[in-house]
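**Q** Got a structure here, written out as structure tokens. Questions coming.
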Amino acid sequence: MSRRAKIFIALGVVAAIGVVIIGWQGVRAYVAWNSIDRVAFDLDQARAQLPDIEVLPSPASDTTTTLPEEEPVTYTTVLVIGSDEKPPDVQQETFADAVLFYLVPDDGSSPAVVSFPRDMVVVDPCTGDESKINRTLEPCNEEISGEEHVALAMELHTSIPVDHFALIQFDAFAEVVDEVGGV
């Protein structure tokens, strides 16, 4: 067999191995994507279930700052909630351990991530009382899920509409880290 034929065979074997590896990763990604629990997330319907709440305006500032006028940026907002849910015999309630906004500008510019402290005090959209944001992960009533409850509280607090949400439990996060080889 000529040297050229050996090189072509070696390249063919390497290419076949590459295709198998990429295919296997594609199968794993497909299985992982289909194993995600998807839940209904309809904030318009959830808003309709809420009582009317009067929110006190922020105290007026003594100084006025004029910002330069810029074109408004439109973006898609993903509310990311991290939870370390414990078994019911250990903990009766579920709390949000991390609350983040992932803002993706529609113009293709770089996204931004804003993290909110879990002990941040917000107005609970279900009761109108002040509450820590991490406590709003509990369902508000039978019509409003915990995820919608957090989203409505964040919308009320920031005036930023929530388009999507992702709930990441710590156990699942640890599994993802293990799958990619650890950190």
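The values are calculated or read from the model by the stated rules, or taken from the named source; none is laboratory data. What you see is a predicted model; the values in this text were computed from it and never measured. Cβ placement follows ideal geometry from the backbone for every residue including glycine, while neighbour counts extend to all protein chains displayed. Accessible surface areas use protein heavy atoms only, side chains included; no ligands, DNA or RNA. Shrake-Rupley method; radii C 1.70, N 1.55, O 1.52, S 1.80 Å.
**Q** Ignoring everything but the protein chains, give the 1.4 Å probe accessible area of Ile17 in square angstrom, nearest 10.
**A** Approximately 90 Å² of Ile17 is accessible to the 1.4 Å probe.
**Q** Measuring from label point to label point, each 7 Å out along Cα→Cβ, what is the Ile168 to Asp42 span in nm?
**A** Spacing of the two 7 Å Cα→Cβ label points: 2.9 nm.
**Q** Hey, with R₀ at 30 Å, roughly what FRET efficiency would Val27 and Val121 work out to, going by the Cβ-Cβ distance, to 0.05?
**A** Step by step, r from the Cβ atoms, then E = 0.05.
**Q** Taking a virtual spin label 7 Å from the Cα of Glu70 along the C-beta vector, which residues in the range 106-132 bring their backbone nitrogen under 19 Å of it?
**A** 106-115
**Q** Set the Förster radius R0 to 41 Å, insert the Cβ-Cβ distance between His157 and Lys6 as r into 1/(1 + (r/R0)^6), and round the FRET efficiency to 0.05.
**A** For His157 and Lys6, the calculated efficiency is 0.05.
**Q** Also, I was wondering about something else. So if each residue of separation counts as 0.36 nm, and I subtract the Cα-Cα distance between Val14 and Ser110, what length gain in nm does that give?
**A** Between Val14 and Ser110, full extension yields an extra 30.9 nm.
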